[in-house]
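Remarks on the structure that follows.
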Amino acid sequence: MQIRRSTKADTDVMWRLWDEFTAEATFTPYPGNAFEPALVTDHVALLAEEGGEAVGTVYANVSSPHFGYVFGLYTRPAARRRGIARALMRSIAAVLRDEGRRYVVLGVDTPNESARAFYEQLGFVDAARTLRADVEDLLGR
């Protein structure tokens, strides 16, 4: 397996992986965000490949000098349980460290128990909560 930073030339494959990810991993009542080519150019975007085929990806928003906000971690179903997600997370952590950031931060949907367990195994701790409200409920209808 090879993990490398993606480039503009990888936009099509990153788009396909993003669409696969959002089709499978949306636990919210609203749809996942559409792919934007800026995901590859404006963020750290890593691509995992085996035998020349894309098998996984991860992104990090690096707008903070203190941490990278990881999102879009995805491994194709046929490539799971082989350590690819773990390798992607370690690779993104290495990039963040090399760029002077101390922390890796991410969000995970509450019902996504397998992802939560995976991140806990990597040493992530619950440090913040994301709350949501229906706009009409908040306005009191």
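The values are calculated or read from the model by the stated rules, or taken from the named source; none is laboratory data. This one's a predicted model, so the numbers in the text were calculated from it and none came from an experiment. Note: ideal-geometry Cβ built from the backbone for every residue, glycine included; neighbour counts use all protein chains shown. Just so you know, the surface numbers come from the protein's heavy atoms only, side chains and all, with ligands and any DNA or RNA stripped out. Shrake-Rupley method; radii C 1.70, N 1.55, O 1.52, S 1.80 Å.
Pop out the ³J(HN,Hα) list for the range 29-43 in order, Karplus 6.51 cos²θ - 1.76 cosθ + 1.60 with θ = phi - 60°, rounded to Hz; leave Gly and Pro as x.
3J(HN,Hα) across the range 29-43, in whole Hz: x, 10, x, x, 5, 6, 5, 10, x, 4, 4, 7, 8, 9, 10.
With a 1.4 Å probe and all protein chains kept in place, how much accessible area does E136 have, in Å² rounded to the nearest 10?
My reading of the accessible area for E136 is about 90 Å².
At a 1.4 Å probe, what is the % contribution of carbon and sulfur to the accessible area of the chain?
Carbon and sulfur atoms account for 51 percent of the accessible area of the chain.
Leaving ligands and nucleic acids out of the surface, order T130, T7, T28, T110 by accessible area at 1.4 Å, largest first.
T130, T110, T7, T28
Taking the structure as given and computing semi-axes √(5λ) of the Cα gyration tensor in Å, which label from (i) 29, 26, 13; (ii) 33, 17, 13; (iii) 25, 18, 16 fits?
Among (i) 29, 26, 13; (ii) 33, 17, 13; (iii) 25, 18, 16, the one derived from this structure is (iii).
What are the ³J(HN,Hα) couplings of the range 129-134, residue after residue, when phi is run through the Karplus curve with 6.51, -1.76, 1.60 and θ = phi - 60°? Round to Hz, x for glycine and proline.
3J(HN,Hα) across the range 129-134, in whole Hz: 10, 9, 10, 9, 9, 5.
Around L46, under 12 Å between beta carbons, what's the net of Lys plus Arg minus Asp minus Glu among the other residues? If you can, show how the numbers build up before the last one.
On the way: positive: R4, R5, R90; negative: D10, E49.
Around L46, the charge tally is +1.
Could you provide, to the nearest whole Å², the per residue accessible area of the chain with probe 1.4 Å?
Dividing the accessible area of the chain by its residue count gives 65 Å².
Quick one: Kirkwood hydrodynamic radius for the range 17-90, alpha-carbon pairs, angstrom, one decimal?
Working: mean 1/r = 0.0760 Å⁻¹.
Final number for the Kirkwood radius of the range 17-90 is 13.2 Å.
For F71, which sequence-distant residues (separation of 5 or more, or a different chain) have an amide H within less than 5 Å of its own amide H, given hydrogens modelled in the peptide plane?
The answer is Y59, A60, N61.
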